[in-house]
Amino acid sequence: MSGAYTIVQQLFDTQQQTAVGIGHFLQALLNYAKPGGKTPIIVEHMNKEGTTRVMMFSRQKLSKPFTNAMDTLKVDLGIVQRGYYSSQTNVTITGALFYNEDGTVQTTPVLVSQESWPDLMAHVHKIFIRTSGA
């Protein structure tokens, strides 16, 4: 599939508006067809006592900017109540498993860039988060 992404990038790099438009269309098709594009994201949360809770989230719900996605995770996992945030509770993303191009899942968790969060959610299989603090 990497060859298709190369073609899309070449279309984006051209000065012709029609080619750029075709590039956007092809990128949307590739994003829809890529592994993980239609499956939910698994989130594994370990609290400060060491208890683990696993929930499924839609890609759409987590494909927001990082701080909004973290707020969603905190509320839905019961870490905080809606509208109440404690500065004593620290929630950390400890890693994520991504889909490979062939549809298999990586076996080693990697860190996720906060700035790249929305773009990466299309490729994520599972997110690991941990709560620490008082």
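I'm trying to understand the selection: among the residues of segment 105-134, which are in contact (Cβ under 8 Å) with a residue 60 or more places away in the chain and not in a helix (DSSP H, G or I)?
Once the filter is applied, which keeps residues that are in contact (Cβ under 8 Å) with a residue 60 or more places away in the chain and not in a helix (DSSP H, G or I), segment 105-134 yields Val124, His125, Lys126, Ile127, Phe128, Ile129, Arg130, Thr131, Ser132, Gly133.
Do we find that Arg82 is more than 30 Å from Thr6 (Cβ to Cβ), modelled with pLDDT under 90 and in contact with a helix residue (DSSP H, G or I) (Cβ under 9 Å, 6 or more places away or on another chain) in this structure?
Against the criterion (more than 30 Å from Thr6 (Cβ to Cβ), modelled with pLDDT under 90 and in contact with a helix residue (DSSP H, G or I) (Cβ under 9 Å, 6 or more places away or on another chain)), Arg82 qualifies.
Of the conditions (1) at pLDDT 90 or above; (2) open to solvent by 80 Å² or more (accessible area, probe 1.4 Å), Val124 fails just one. Which one is it?
(2)
Please specify each residue of segment 15-73 satisfying the condition of being modelled with pLDDT of 80 or more, part of a loop (DSSP other than H, G, I, E, B) and touching a strand residue (DSSP E or B) at 6+ places or on another chain (Cβ under 7 Å).
Within segment 15-73, Pro40, Asn47, Lys48 qualify.
On the given criteria, is Leu111 loosely packed, with under 12 Cβ neighbours inside 10 Å and either touching a helix residue (DSSP H, G or I) at 6+ places or on another chain (Cβ under 7 Å) or at pLDDT 85 or above (or both)?
Spelling it out, Leu111 is indeed loosely packed, with under 12 Cβ neighbours inside 10 Å and either touching a helix residue (DSSP H, G or I) at 6+ places or on another chain (Cβ under 7 Å) or at pLDDT 85 or above (or both).
Within segment 38-53, restricting attention to residues that are surrounded by fewer than 15 Cβ atoms within 10 Å (Cβ to Cβ) and of a type in the set (D, E, K, R), which residue is nearest to Ser132 (Cα to Cα)?
Lys48
Kindly indicate the residue of segment 109-134 that is among the hydroxyl-bearing types (Ser, Thr, Tyr) and over 12 Å from Pro65 (Cβ atoms) and also nearest to the chain's Cα centre (by Cα) among those meeting that condition.
Ser113
The values are calculated or read from the model by the stated rules, or taken from the named source; none is laboratory data. Everything numeric in this text was worked out from a predicted model, so none of it was measured. Counting neighbours? That spans all protein chains shown, and the Cβs are built from the backbone with ideal geometry, glycine included. These area figures cover heavy atoms from the full protein model, side chains too; ligands, DNA and RNA do not enter into them. Shrake-Rupley method; radii C 1.70, N 1.55, O 1.52, S 1.80 Å.
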